[in-house]
Amino acid sequence: MALGALLAGTLVALPAVTAAGLAPSAQQRLVAGAESELAAALPSNLGAPAPATPAQLFRAPLGRHEVMGFVPGSVDTQLSPADLADTSIVSYYGIEVSAAGSLVRSGSAWQDQLAPSFASFVASAHGAGDKVLVSLSASAPAIVARLLRSPASSATRLATDLVALSAADSLDGFDLDIEGHAGRERSAFDAFVADLSVRLKVADPVGMLVVNTYATSALDPRGFFDVAGIARHVDQLFVMGYDMVSLADASPNAPLAGPPGALSDIAALDAYVRLVPATKLVLGIPFYGYDFPTVSGAPHARATTTPYAVTYASIVQAAHRGRWDPVSLTPYYSFERAGHWHETWYDDPVSVALKTAVASELHLAGVGAWSLGQELGETAMLAALDGGSAPLKYTG
């Protein structure tokens, strides 16, 4: 699934890996450092009321950093001034890539990009000082496999299309969301990215190229993404730090921390910074959560069916009382509807602020959100990404 869970899609579980390399003491130090940056007191007991969002999330501003926001399709017409004021880069998602490497000139994202509103979106973003990227999407296994049979040929076709698209739309670069799962395609994807990068840099030496990678990728030496190899050819890696749920039990979408050996944002980033310069990494944070149908209202209750994604805006509108999980450092709530229990795990401004503080501690390039528009006016989510400072701005 492109960039984690699309709201109408099916959740695809991440590869099973462990985070055994991270010492518990290292995780505790990062968590303690992040907690010390916040102006909110965090509960220590599972199920205690989730902390309220203070007027000022941070005790003192964190260092200025990049904030990247994804803009899916026609949502660009619904963005508020705050969405652009609180970001550094916006990436319009997502024009599809064909099995041959050319852009698919159909579908809603392609058609929306042709509309006058897209030119207005680009102009507004540039006026706010943001770079504008276009995200390129391919995730069907058959398409990814065919795309990578001849990496050089595919990269040549795609670069030709992208150079023309960039010139026509005044773009500042591209975000590559090619989500494969076959480890045998690892080296072919490396070659594809390397060739594409060279061709794009010849056409636009200052144009950005970002590649989206899984939270597990730096922990998985046989997985699709060779993060160390890819990082040599791109400006940044967007680490999709979400969709870490267990399909068996109600569980966090994006746990900041976890028990020894468990996957979490901290465990993922610890593995990444061992392989890639921290300044090339952006931590992706979800503006959505998961609703689990469950057997009871107890925390981490057994799931009865596959969870489904819900936006942060819909979570706020539901107005259920949030509870706190001190292990994952994320909120959740339980409720009963029509005789059936549900448990929803999500991120709120406090948990997002903790993730931003950890990214700052690790000296990452910044943080990013999938996706803008899912917060619908809840500006505290954007403030949590900024860390108490204005985000870096690049144009205007």
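The values are calculated or read from the model by the stated rules, or taken from the named source; none is laboratory data. The structure presented is a predicted model; accordingly, all values stated were derived computationally and were not measured. Please note: Cβ atoms are built from the backbone with ideal geometry, for glycine as well, and neighbour counts cover all protein chains shown.
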request  = Could you please let me know if Val234 is part of a strand (DSSP E or B), over 22 Å from Ala50 (Cβ atoms) and in contact (Cβ under 8 Å) with a residue 40 or more places away in the chain?
outcome  = no
message = With the structure loaded, tell me whether Val71 is β-branched (Val, Ile, Thr) and either out of contact with any Ser or Thr (no Cβ under 9 Å at 6 or more places or on another chain) or within 30 Å of Ser360 (Cβ to Cβ) (or both) or whether it fails that test.
response = yes
key: Filter pass, Ala123 being closer than 25 Å to Gly69 by Cβ and part of a helix (DSSP H, G or I)   = yes
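Would you please name the residue that is surrounded by the fewest Cβ atoms within 10 Å (Cβ to Cβ), looking only at residues in the stretch 126-148 that are more than 17 Å from the chain's Cα centre (by Cα), within 30 Å of Asp86 (Cβ to Cβ) and not charged (D, E, K, R)? Before you say what the answer is, go through the steps one by one.
First, pick out the residues of the stretch 126-148 that are more than 17 Å from the chain's Cα centre (by Cα): 126-131, 140-148.
From the residues that got through so far, the ones that are within 30 Å of Asp86 (Cβ to Cβ) too are 126-131.
Remaining after also requiring not charged (D, E, K, R): 126-129.
Working: His126: 18, Gly127: 11, Ala128: 18, Gly129: 17.
Going through the qualifying residues, I end up with Gly127.
Please find, among Ser139, Ser150, the residue that is farther than 18 Å from Gly94 by Cβ and of a type in the set (Ser, Thr, Tyr).
Values: Ser139 fails: farther than 18 Å from Gly94 by Cβ.
The match here is Ser150.
Looking at the stretch 162-210, which of its residues are among the acidic types (Asp, Glu) and in a loop (DSSP other than H, G, I, E, B)?
Within the stretch 162-210, Asp172, Glu179, Asp204 meet the criteria.
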request  = From the list Leu329, Leu283, Leu376, pick out the single residue that is modelled with pLDDT under 95 and of a type outside the set (Gly, Ala, Ser).
outcome  = Leu376
inquiry  = Going residue by residue through the stretch 63-70, is there one that turns out to be modelled with pLDDT of 95 or more, of a type in the set (A, V, I, L, M, F, W, C), out of contact with any Leu (no Cβ under 7 Å at 6 or more places or on another chain) and under 26 Å from Leu392 (Cβ atoms)?
reply    = yes
note = Pairs returned, first residue in the stretch 297-308 that is touching a residue at least 24 places away in the same chain (Cβ under 8 Å) and under 11 Å from Ser251 (Cβ atoms), second residue that is in a strand (DSSP E or B) and hydrophobic (A, V, I, L, M, F, W, C), beta-carbon separation under 6 angstrom, 6 or more apart or interchain, are Ala303/Phe292; Pro307/Phe292
message = Kindly evaluate Thr77 against the criterion of being more than 18 Å from Asp325 (Cα to Cα), under 24 Å from the mean Cα position of the chain (by Cα) and assigned to a helix (DSSP H, G or I).
response = yes
remark   = The condition from (1) free of Cβ contacts under 8 Å to residues at least 24 places away in the same chain; (2) part of a loop (DSSP other than H, G, I, E, B) that Gly101 misses is numbered (1)
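Being more than 21 Å from Ser360 (Cα to Cα), assigned to a loop (DSSP other than H, G, I, E, B) and touching a residue at least 12 places away in the same chain (Cβ under 8 Å) is the requirement here; does Ser44 meet it?
Working: more than 21 Å from Ser360 (Cα to Cα): yes; assigned to a loop (DSSP other than H, G, I, E, B): yes; touching a residue at least 12 places away in the same chain (Cβ under 8 Å): yes.
So Ser44 passes the test.
Out of contact with any helix residue (DSSP H, G or I) (no Cβ under 9 Å at 6 or more places or on another chain) and either of a type in the set (Asp, Glu) or surrounded by fewer than 21 Cβ atoms within 10 Å (Cβ to Cβ) (or both): which single residue out of Asp161, Asp86, Asp169 fits that description?
Values: Asp86 fails: out of contact with any helix residue (DSSP H, G or I) (no Cβ under 9 Å at 6 or more places or on another chain); Asp169 fails: out of contact with any helix residue (DSSP H, G or I) (no Cβ under 9 Å at 6 or more places or on another chain).
Just one listed residue meets the conditions, Asp161.
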Exclusive hit being assigned to a helix (DSSP H, G or I), polar (S, T, N, Q) and crowded, with 21+ Cβ neighbours inside 10 Å, set Ser360, Ser328 = Ser360
message = Filter the stretch 237-261 down to the residues that are assigned to a loop (DSSP other than H, G, I, E, B) and either of a type in the set (D, E, K, R) or surrounded by fewer than 17 Cβ atoms within 10 Å (Cβ to Cβ) (or both) and list them by number.
response = Asp243, Ser246, Leu247, Ala248, Pro259, Pro260
query = Within the stretch 208-231, is there a residue that is closer than 28 Å to Arg186 by Cα, surrounded by fewer than 17 Cβ atoms within 10 Å (Cβ to Cβ) and free of Cβ contacts under 8 Å to residues at least 12 places away in the same chain?
reply = yes
note = With criteria (1) polar (S, T, N, Q); (2) within 20 Å of Ala369 (Cα to Cα); (3) surrounded by 14 or more Cβ atoms within 10 Å (Cβ to Cβ), Ser98 comes up short on (2)
task = Please state which of the following conditions Ala231 fails to meet, knowing it meets all the rest: (1) more than 18 Å from the chain's Cα centre (by Cα); (2) farther than 22 Å from Gln28 by Cα; (3) small (Gly, Ala, Ser).
result = (1)
key: Residue that is modelled with the lowest pLDDT [pool: residues in the stretch 13-41 that are part of a loop (DSSP other than H, G, I, E, B) and buried (at least 16 other Cβ atoms within 10 Å of the Cβ)]   = Pro15
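Mind listing whichever residues of the stretch 296-339 are in contact with a helix residue (DSSP H, G or I) (Cβ under 7 Å, 6 or more places away or on another chain) and farther than 20 Å from Ala262 by Cβ?
Passing the criteria: only Tyr312.
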